[in-house]
Structure formats: C-alpha cells, structure tokens
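Have a look at the structure below before the remarks.
The values are calculated or read from the model by the stated rules, or taken from the named source; none is laboratory data. Quick caveat: nothing in here was measured; it's all calculated off a predicted structure. Note that we place each Cβ from the backbone using ideal geometry, even for glycine, and neighbour counts take in every protein chain shown.
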Amino acid sequence: MSLIQIKDISRQYKVGSEVIYALRSVALSIQKNEYVALMGPSGSGKSTLMNILGCLDTPTTGEYWLNGKEVSKMTEDELADIRNKEIGFVFQTFNLIPRSSALDNVALPLVYAGLGKQQRNDAASKALNDVGLGDRVSHKPNELSGGQRQRVAIARALVNKPSIILADEPTGNLDTKTSIEILSLFEEIHKQGNTIILITHEEDVAHYAHRIVRLRDGLVESDQPNPNRTLLHA
C-alpha cells in the first residue's frame, strides 16, 4: 500500500466571478521511504499540491489517502491531528519562535501531542543531537546562523517521528555551502527510513532527490526516477 495516494485531485479558487484552477485531475502515488522533489515554475500548482499533501488545504474534488486514511474528507480538527502526528514541516523561513530556545522550539509539537515536560525535553534534546546541534539547546534563533536555524527546524519536524518530512524550499534562504550541508542532512534522514517530499523551483536542489515530479499549469507534466542524482557524503 502506498504511503500517499492521490486520485483525480482538483483545486479551484473563486476570485470574484472568475474560477482559477490551481490543480486539474492530479494523480500521484508515493511509497514509504521515497525521496521525491516536486518542481514547477510559479503558478504551476506545486504550492497548492504541497498544501494538500500537508493537510493544510483540502481538494475541491478527488481523493487523498495518507497511511490508509482518507484525509480529503476529514474535518479541520481531524486534519490538525494528522498534521501533528504524520507530517513534519520544514519551511524556507524556518518559522521558529524568536524568544524561545532551540530546545523549546523543537519540543513545541510534543506540547500539542500531550507529552509531559521531561519527555518533551528528552525527545527534543535527542532530535537536536541528531541534527548536530546538541551543544546549542539553550540558544535562541537570533544566536544561531541560518544553517543552524534550519537544523533546529528540521529537528522540530523530526521530533514526532512523522511518516513524512515535507520541506518547502528548505535552502531558499541559505548560501551554497550551507544549502549543501542541509541537503546532506536530508540524505541522512532519508537513509534512516523517512519519506521526504522536497518542494523546489531549483534544478540543482531537485537533483538530490531520487524522483522528480514536474508540474505545469496544474497538471503533472512528468514523473520520473532521477538517474543523475547528486550524491552527497555527510
């Protein structure tokens, strides 16, 4: 059974009297432990598809199955629960709480999961250690470099042991050297058994993935394995 199965997904928006078709009858299947890049120019539908895959938005028509559950028919509360348990998000802008330490930022999803303080801190500390920031647990975001902030965000995404890591332009605010370090970290995470979906408009970033899905005008233009994958050594 596929980890992700979307069938005939469409998403329409009404802008005044005009109907905008962001996605048109998209079908996609992603297996457990795949590393997939979603690519496309601005307006291709990749952000809309990412929001649907991340349970941040629901399709107008079609079905979305995640881990055997049909999430396209769920309520807002059910979607929030799925987001917290099944999906780890990594954003271009890091989305960290400025006044909180790295440890508290990483522990935040576990507050929603209902874990006690000691359990949260232990899990957050381990996650920070796993991304190479075991010595930065008490630092606030403004005391960290861009690459370190993104590592905190990745630790936060991993702390709940989600089925999927959904990374939206995760190197967009980083220089080349730091970007390669972050992509190297994703490669390590993938080797540990995580499923990674990377959203990017940059060819050189997409080439780290094992499979590239290209969107254009709300349709899947191509979906192919990536034989020329850029190999990294962390």
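Tell me, yes or no, whether the stretch 112-131 has at least one residue that is modelled with pLDDT of 90 or more, closer than 24 Å to residue 174 by Cα and basic (Lys, Arg). No: the stretch 112-131 contains no residue that is modelled with pLDDT of 90 or more, closer than 24 Å to residue 174 by Cα and basic (Lys, Arg). Does residue 62 meet the test of being among the small types (Gly, Ala, Ser), in contact with a strand residue (DSSP E or B) (Cβ under 8 Å, 6 or more places away or on another chain) and touching a residue at least 40 places away in the same chain (Cβ under 8 Å)? Yes: the conditions hold for residue 62. What tally of residues in the stretch 1-60 results from selecting those that are exposed (fewer than 14 other Cβ atoms within 10 Å of the Cβ) and assigned to a helix (DSSP H, G or I)? Adding up the residues that qualify gives 0. Residue pairs whose Cβ atoms lie under 8 Å apart, separated by 6 or more positions or on different chains, with the first residue in the stretch 180-196 and surrounded by 14 or more Cβ atoms within 10 Å (Cβ to Cβ) and the second part of a helix (DSSP H, G or I) and polar (S, T, N, Q), are 182/150. Counting only residues that are part of a loop (DSSP other than H, G, I, E, B) and touching a residue at least 40 places away in the same chain (Cβ under 8 Å), the stretch 160-170 holds 5 of them. Residues that are closer than 20 Å to residue 5 by Cα and touching a helix residue (DSSP H, G or I) at 6+ places or on another chain (Cβ under 7 Å) do not occur anywhere in the stretch 117-131. Do the conditions hold for residue 179, that is, is it modelled with pLDDT of 90 or more, in a strand (DSSP E or B) and more than 22 Å from residue 82 (Cα to Cα)? So residue 179 does not fit the description; no.
Pairs meeting the criteria (first residue in the stretch 87-113 and without any contact (Cβ under 8 Å) to a residue 24 or more places away in the chain, second residue buried (at least 22 other Cβ atoms within 10 Å of the Cβ) and part of a helix (DSSP H, G or I), beta carbons under 8 Å, at least 6 apart or on different chains) are 104/124.
Taking (1) within 27 Å of residue 191 (Cα to Cα); (2) at pLDDT 95 or above; (3) not hydrophobic (A, V, I, L, M, F, W, C) in turn, residue 134 satisfies each apart from (2).
Considering only residues in the stretch 115-157 that are within 21 Å of residue 183 (Cβ to Cβ) and of a type in the set (Lys, Arg), the one that is nearest to the chain's Cα centre (by Cα) turns out to be 156. Is at least one residue of the stretch 100-109 surrounded by fewer than 18 Cβ atoms within 10 Å (Cβ to Cβ) and more than 20 Å from residue 199 (Cα to Cα)? So far as the stretch 100-109 goes, yes, one or more of its residues are surrounded by fewer than 18 Cβ atoms within 10 Å (Cβ to Cβ) and more than 20 Å from residue 199 (Cα to Cα). With 129, 160, 142 as the choices, which residue is under 14 Å from residue 109 (Cα atoms) and surrounded by fewer than 24 Cβ atoms within 10 Å (Cβ to Cβ)? So the residue among 129, 160, 142 that is under 14 Å from residue 109 (Cα atoms) and surrounded by fewer than 24 Cβ atoms within 10 Å (Cβ to Cβ) is 160.
Remark: residue 13 falls outside the filter, which requires a residue to be of a type outside the set (Gly, Ala, Ser) and in contact (Cβ under 8 Å) with a residue 40 or more places away in the chain. Tallying residues that are buried (at least 21 other Cβ atoms within 10 Å of the Cβ) and either touching a Phe, Trp or Tyr at 6+ places or on another chain (Cβ under 7 Å) or in a loop (DSSP other than H, G, I, E, B) (or both) within the stretch 110-121 yields 0. Take residue 66 and decide whether it is more than 17 Å from residue 168 (Cα to Cα), crowded, with 19+ Cβ neighbours inside 10 Å and modelled with pLDDT of 90 or more. Here the answer is yes, as residue 66 does meet what is asked.
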